[in-house]
1. Consider only pairs whose beta carbons are under 7 Å apart and that are at least six residues apart or on different chains; among these, list those whose first residue lies in the range 95-117 and is touching a residue at least 12 places away in the same chain (Cβ under 8 Å) and closer than 20 Å to Phe224 by Cα and whose second residue is part of a helix (DSSP H, G or I) and not aliphatic (A, V, I, L, M).
2. What residue, among those in the range 68-78 that are outside any loop (DSSP other than H, G, I, E, B) and among the small types (Gly, Ala, Ser), is surrounded by the fewest Cβ atoms within 10 Å (Cβ to Cβ)?
3. As an exercise: evaluate Glu65 against (1) within 24 Å of the chain's Cα centre (by Cα); (2) surrounded by 22 or more Cβ atoms within 10 Å (Cβ to Cβ) and give the number of the one condition it does not meet.
4. Checking Val152 against (1) assigned to a loop (DSSP other than H, G, I, E, B); (2) closer than 23 Å to Ile104 by Cβ; (3) aliphatic (A, V, I, L, M): exactly one of these is not met. Which one?
5. For Val81, all conditions in the list (1) open to solvent by less than 40 Å² (accessible area, probe 1.4 Å); (2) over 14 Å from Met19 (Cβ atoms); (3) touching a Ser or Thr at 6+ places or on another chain (Cβ under 7 Å) hold save one; what is the number of the exception?
6. If Ala91 satisfies every condition in (1) at pLDDT below 95; (2) over 28 Å from Ser196 (Cα atoms) but one, which is the exception?
7. How many residues does the range 86-113 hold that are under 17 Å from the mean Cα position of the chain (by Cα) and either of a type in the set (Val, Ile, Thr) or open to solvent by 20 Å² or more (accessible area, probe 1.4 Å) (or both)?
Amino acid sequence: MGSEEASSVPKWASKPCIMGIDEAGRGPVLGPMVYGCLYCALSYQKTLSSLNFADSKTLKEEKREELFENLKADESIGWAVDVIDPKELSAKMLKKNKINLNEISHDSAIGLVVRVLNLGVLLTEVYVDTVGDPEKYRTKLSERFPSIKFVVAKKADSLYPVVSGASIVAKVTRDRAVRDWVLDETADNIQRNFGSGYPGDPETKAWLENHKHPIFGFPSLVRFSWGTCTPYFKNLVEVLWESDQMDEDGSSSSNGKRQLKLSNVGITSSKRKSEEIESSGKGRCKFFQARKLEQLAHF
């Protein structure tokens, strides 16, 4: 049983089921973070243990791909993923009311539980690789879904086969997403030799150095909120953004405007008027729309 197959939920889904949840790509400065889940009937648990699932980080890429194809073909297993775009990650972590990576992770895991329940699957047990304090996370999930037993643990992907399977789903999905990534930017000199995407990878560092723009920052593949990007900002152009504050009578005035100095490139204040202009797409190229860039007040 594949992902999102709501119209073909098998008979076993109406019996008590277990589910595992894990992520891939939490640490890299490039590409999406992916949350994956795998679920099956509680009665299938022993068979699941014999399928040689393991923590995806301990497996070679070829083996992960093989196991992923095997579980996709297994009608006694269901799976789903949540792919979180790097722009979404950075926007949430840098907005005025910041959402940290742990909260984003929790929301993604909760979203997967909701999605599988909405398919009609009778989840009774869910195993989760922890993000943050395991007990606090378990309490949060239990309060949200009181009818489900949650087990939240460190290294759950190496302890529970159902989480190992979820780890493979997440890792293979992310690897394919990065490998097949379609860059929004169309510059001829953009290369794809960005390495693993992890901050310590020399190839990734070299790619970041060679693909920074003095005004627009990095390509959309980059999580520009990551501390890894900070050193690259020192030689970039300082940008000032004019806010869209209006007087009470609806007219603009010099007193009703202020300049917002941004320390990082590509981050703008979120104003209703600007959002309306950007969403209309009038006179704006895709590059500016994707980054919600406002009109430059002074150059």
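The values are calculated or read from the model by the stated rules, or taken from the named source; none is laboratory data. Computed from a predicted structure; not experimentally measured. Cβ: placed from backbone, ideal geometry, glycine included. Neighbour counts: every protein chain shown. To get the accessible areas, we keep the full protein, side chains included, count just its heavy atoms, and leave off ligands, DNA and RNA. Shrake-Rupley method; radii C 1.70, N 1.55, O 1.52, S 1.80 Å.
1. That search, which allows pairs on different chains as well, returns Ile104/Lys92.
2. Ala73
3. (2)
4. Unmet condition: (1).
5. Result: Val81 fails condition (2) only.
6. (2)
7. Looking only at that region, the number is 19.
Let's see how each residue does on (1) at pLDDT 85 or above; (2) assigned to a helix (DSSP H, G or I); (3) open to solvent by less than 90 Å² (accessible area, probe 1.4 Å):
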site	(1), (2), (3)
Thr173	yes, yes, yes
Ala177	yes, yes, yes
Val182	no, no, no
Ala187	no, no, yes
Ser196	no, no, yes
Gly200	yes, no, yes
Trp207	yes, yes, yes
Ile215	no, no, yes
